[in-house]
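Visitor: My questions will all concern the structure given below.
The values are calculated or read from the model by the stated rules, or taken from the named source; none is laboratory data. It should be emphasised that the depicted structure is a prediction, and the values quoted were computed from it without experimental measurement. All Cβ positions, even for glycine, are placed from backbone atoms using ideal geometry, and neighbour counts span all protein chains on display.
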């Protein structure tokens, strides 16, 4: 009778440990997905910061050129941002 109780206890222990292992594997998978998203965002953030700085510099140049020359083309370049977009593309 004692062997039967011990065997049942071991079986229940193995089942519980198996369930805990499966739960840990699922949690690990979820954390890995979150890590991949954070990594992708971390790679994208500096690129976007550089793009913002380039746009800011371009618009500042257009405003300064307009202030210095008074030419309407520079004001339009600032207002429509077409000058900066064309400059960035080319």
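Visitor: Looking at (1) in contact with a helix residue (DSSP H, G or I) (Cβ under 8 Å, 6 or more places away or on another chain); (2) surrounded by fewer than 14 Cβ atoms within 10 Å (Cβ to Cβ), which is the one condition that is false for residue 37?
Guide: All conditions are met except number (1).
Visitor: Just one of 59, 17, 26 is at pLDDT below 90 and assigned to a helix (DSSP H, G or I); which is it?
Guide: Only one candidate passes the filter, namely 59.
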